[in-house]
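**Student:** Please see the structure below; I have some questions.
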Amino acid sequence: MIILQWYFSDRIVLWSSGAKIVTREQFPKLHDVVERIVARNNLPKPKIAVINTNMPNAFATGKGPKSSVVAVTTGILDLLDIEELEGVLAHELTHIRNRDVLVLTLASVFSTVAWYLMQFGFYGGMGYGYGGGSRDRNNGGGMILVIIGAMLTWIISFLIIRAISRYREFAADRGSAQLTGKPVKLANALMKISGTMKQVPTKDLRRVEGLNAFFIVPAVTGSTIGNLFSTHPPLEKRIQKLMEMEASMS
Amino acid sequence: MSFFRKFRKSINNNKPKTDSDAIFSLSSAYITLETKLGLKNTGRCAVSLKSVSGMHFSEMKNDIQRFLDASKAEFELSYNIVTDSYGYLWVILQGKSMEDILAQLIAVGDTIQDKGFSSHLLAAVFEFSDEGKNNNNKKHRKYLIYNYKYNKFYPFVPIGQEIRNTEEEMRIMAEIADEIPFERDMTLWYPLWDLPLEP
């Protein structure tokens, strides 16, 4: 099951996202940008796919560096300038180079096994423990232990997968910075994609002060619990790390 | 673990960090800006506050003037007091050494607070410039804004009519965010357009 999932991962993802592989003739600029990065860094060139939606996004998928696909939405192509797009594509190419699909598939082995054990134990436990009479009582107790154990494994591996995933995102940001040498462009792209660009205010401080009681609202950013469950690190942290890299390069 | 970290942080934040401490931390950060980003301080800075009518306010204004007149010669300082279209009073200082103008600016801020107008204080602004020039042959101006309500600095790089250079602002953040009390929440980086600092 897991092997199948991994083997067909690229096709499943492409099919479910509606991504279409595009040729150089259809999207010459996009091919140019990718080729520039892979040529400079001696990476194999992935297939390129485009998804027709206004949502700005990009992803990479594939079993290994040689058979990978990088997909971008038409929304992101409209939103970003060439250098920002280069930063995003380099981020995705780093995912491919680091074999992140494989890493995450392997990481999910435990949770998948635990999940099936939990299911099996649950239904199995009902069948044997309560249906079979007193003779099976001990067996039922054992089953409950299995269920609890599997549940714990599942929860822990769930959290670990998310932690790994967040770590791989940081690694891909770092990789992108190394491939392009311009971390600030990726930071810009991230802000544009998330809409933060609009959040850096252009409204004058003196005008804001005029709105009474505005400053009573405390500036709370991010919650720790939410961070535990998310697959991507919070934007401020990513931007901060990128800008630290920018600072160390200059 | 992070709960305790937050707890400790909140204790530290409650320590009375004064405006003067925060502003004086610029006396080392401006060197970083110069060496890392080539930003020179122009020797100009300003403090602004909401002006009101009334005897106390004009008394305070006179006090500031008297104080600055007295220290003018000693610190090779010039100053200017203007009111902008928003009704904010600007005390603009120009001097030779960063340390001197910081000290003078802090003293002006203290006078304002002593007279009971601390809630009127809006911001202190510090002007920097690189060697580049824009289309109108005017020098690029970059600013650090100190918000008195939050006790924090943030960058402001205007490049046109209500357009700011966020990239450059982030670059400034990366260089000095650890040296001075810095506003990391970018949604609070409110600009101050058409600053009256240049004579």
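**Student:** Give the residue list of GluC sites (Glu not before Pro) in region A:11-108 that are DSSP loop and have at most 14 other beta-carbon atoms within 10 angstrom.
**Tutor:** A:Glu25
**Student:** Choose one answer from B:Ala73, B:Ala123, B:Ala22: the residue with the largest mean-square fluctuation in a GNM of chain B with alpha-carbon springs under 10 Å.
**Tutor:** B:Ala73
**Student:** Provide the net charge surrounding B:Phe75, with neighbours chosen by a C-beta distance below 10 Å and charges set as Lys +1, Arg +1, Asp -1, Glu -1.
**Tutor:** Value of the local net charge: -2.
**Student:** A follow-up question, please. Please tell me which of these pairs span more than 23 angstrom C-alpha to C-alpha: A:Lys203/B:Lys96; A:Lys192/B:Lys40; A:Lys241/B:Lys152; A:Lys203/B:Lys50; B:Lys61/B:Lys142; A:Lys63/A:Lys192?
**Tutor:** Where the Cα-Cα span goes over 23 Å, the pairs concerned are A:Lys203/B:Lys96; A:Lys192/B:Lys40; B:Lys61/B:Lys142; A:Lys63/A:Lys192.
**Student:** Additional query: Please find, in a Gaussian network model of chain B (springs between Cα atoms separated by less than 10 Å), the residue of B:Ile159, B:Ile101, B:Ile172 whose mean-square fluctuation is greatest.
**Tutor:** Maximum fluctuation in the GNM of chain B, among the listed residues, is at B:Ile159.
**Student:** Could you list which residues have their amide H under 5 Å from that of B:Lys152, counting only those 5 or more apart in sequence or on another chain, with H placed in the peptide plane?
**Tutor:** Under 5 Å from the amide H of B:Lys152: B:Asn147.
**Student:** While we're here: Give me the aspartates and glutamates in straight-line cross-link reach of A:Lys45: C-alpha distance below 18 Å, same-chain residues under 8 apart excluded.
**Tutor:** A:Asp10, A:Glu25, A:Asp32, A:Glu35, A:Glu86, A:Glu92, A:Asp100
**Student:** Here's another thing I want to ask about it. Taking only Cα atoms and a 10 Å spring cutoff, compute GNM fluctuations for chain B and point out the largest among B:Thr111, B:Thr83, B:Thr35.
**Tutor:** The residue that fluctuates most here is B:Thr35.
**Student:** Just add up the charged neighbours of B:Gln104: K/R +1, D/E -1, any other residue whose Cβ is under 13 Å from the Cβ of B:Gln104.
**Tutor:** The answer is -3.
**Student:** Counting Lys +1, Arg +1, Asp -1, Glu -1, what net charge surrounds B:Thr32 among other residues with beta carbon under 13 Å of its beta carbon?
**Tutor:** Taking every Cβ under 13 Å from that of B:Thr32, the sum is -1.
**Student:** Now, a different point. Can you pull the mean other chain C-beta count within 10 Å for peptide B:162-169?
**Tutor:** Partner-chain Cβ atoms within 10 Å, mean over residues of B:162-169: 3.
**Student:** Next up: Would you mind working out the magnitude of the charge dipole of region B:17-188 relative to its Cα centre, with +1 at each Lys and Arg C-beta and -1 at each Asp and Glu C-beta, to the nearest 20 Debye?
**Tutor:** 420 debye
**Student:** Ok, one more. Within 10 Å, count the other beta carbons around each residue, average over each peptide in A:236-243, A:62-69, and list them highest first. Display every interim value, and only then the final one.
**Tutor:** Values: A:236-243: 19.9, A:62-69: 16.2.
Those peptides, ordered most packed to least, come out A:236-243, A:62-69.
**Student:** To continue, here is another question. For region A:2-100, just say rounded, prolate or oblate: build the C-alpha gyration tensor, square-root its eigenvalues into a ≥ b ≥ c, call rounded for a/c under 1.5, and beyond that prolate if a/b exceeds b/c, oblate if not.
**Tutor:** Since a/c reaches 1.5 but b/c is at least a/b, the shape of region A:2-100 is classed as oblate.
**Student:** How far apart, in nanometres, would the label points at B:Glu198 and B:Lys72 be if each is projected 7 angstrom from Cα along the Cα-to-Cβ direction?
**Tutor:** Computed distance between label sites B:Glu198 and B:Lys72 equals 2.5 nm.
Each reported figure results from applying straightforward, stated rules to the coordinates on display, with no laboratory input. Just so we're clear, the structure is a prediction, and the values are computed from it rather than from any experiment. As a convention, Cβ positions derive from the backbone with ideal geometry for all residues, glycine included, and neighbour counts pool all protein chains shown.
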